[in-house]
1. Ratio to report: Rg/Rh of the stretch 171-231, with Cα atoms as the point set and Rh obtained by the Kirkwood method; give two decimals.
2. Ranked by accessible surface with a 1.4 Å probe, highest first, in what order do S198, S157 come?
3. Please compute the modelled spin-label separation between R196 and Q96, points set 7 Å along Cα→Cβ, answer in nm with one decimal.
4. For a quick check of understanding: with a 1.4 angstrom probe and all protein chains in place, what accessible area in square angstrom does H141 have, to the nearest ten?
5. Taking a probe of 1.4 angstrom, what is the accessible area of M81 in Å², to the nearest 10?
6. What figure, in Å² to the nearest 10, do you get for the accessible area of D51 with a 1.4 Å probe and non-protein molecules left out?
7. Need the full-extension length gain, Q255 to D173, defined as separation in residues times 0.36 nm minus the C-alpha distance. One decimal, nm.
8. What are the lysines whose alpha-carbon lies under 22 Å from the alpha-carbon of K44, with same-chain residues fewer than 8 places away excluded?
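The values are calculated or read from the model by the stated rules, or taken from the named source; none is laboratory data. None of these values were measured; they are calculated from a predicted model. Every residue, glycine among them, receives a Cβ derived from its backbone with ideal geometry; neighbour counts consider all protein chains shown. Only protein heavy atoms, including side chains, enter the accessible area calculation; ligands, DNA and RNA are left aside. Shrake-Rupley method; radii C 1.70, N 1.55, O 1.52, S 1.80 Å.
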Amino acid sequence: MKVELVPPESVTEPRLWVRHDQAFAMMLGRGSIEWGARRSTMEKFDYSAGDLALCDRHQGEWVGLMNTLHLQIGISDAALMTASDGANSYVELGPQRKFADPRLGALVAAVHTEMVAGFPSGQLFVDSVEQAMAVTLVNGHAVRNRPVQIYRGGLGSARLRRIKELVHAKMGDDLSLDEMAQSIGLSTAHFARMFRKSTGETPYQFVLRQRVERAKAMLRAPDARVLDVAVACGFKTQQHFAQVFRDVCEVSPTQYRQDFLDSEVICASENHSEDTLGL
């Protein structure tokens, strides 16, 4: 997935655009874009924040004049084909100059928030969002639409164990959705759906929870530094680690460690008192 923040253009003459991937954009403010196959046929569209536009590479070249801030996202062929379960040699998206899609808009907003923060959640988060976008595009905006198959059941215990072993082995690394799927011999989209069916969580949510559990165990050591724990558990920044930890545990990492150490002191004191009294 390619993500680019495109500022309003300062030029007043439309320029030629050539797309080599299938992309869409979400407007981040009010403005307009003029589109056309050639300058004589350009049409102006006014946008508000949150409006979407879908560009298909099979249109080839067009001219455009863009004077609105927008986030442009290129979806890979691999993600689109995976979302369609390989039904076609390629997935063709129907161009739409202006449309609304609440699910797609929410996914783009999540990517924008992640980009502004410097992508602290890592590759697995980006992969997961791209796959969710691809499913939405295939189901709602593909020219040749085949609904995504819903699989019954879930992953077997052996495959789930293999995934957990992989996550623990690569706890400090930037794990990808493709890597998780390949480790048990499944396509990315099939794996993501089957995993959620089995666990009630997305792969990203599962990995995040495993990282927090590992962090809790490490924080129980009295000399553990929060920054060291964050890095060892796969978080890119201490700030992101603290935010995720607080969201999951409702306390900061520092407070969690202090509460644990205080409880240890109380237990030790009570045990000492019992020994003194001969209990």
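1. Rg divided by Rh gives 1.10.
2. S157, S198
3. 2.0 nm
4. 20 Å²
5. Number for this one is 60 Å².
6. 30 Å²
7. Working it through step by step, the gained length comes to 26.9 nm.
8. Counting by Cα, and skipping residues close in sequence, K44 has these lysines nearby: K98.
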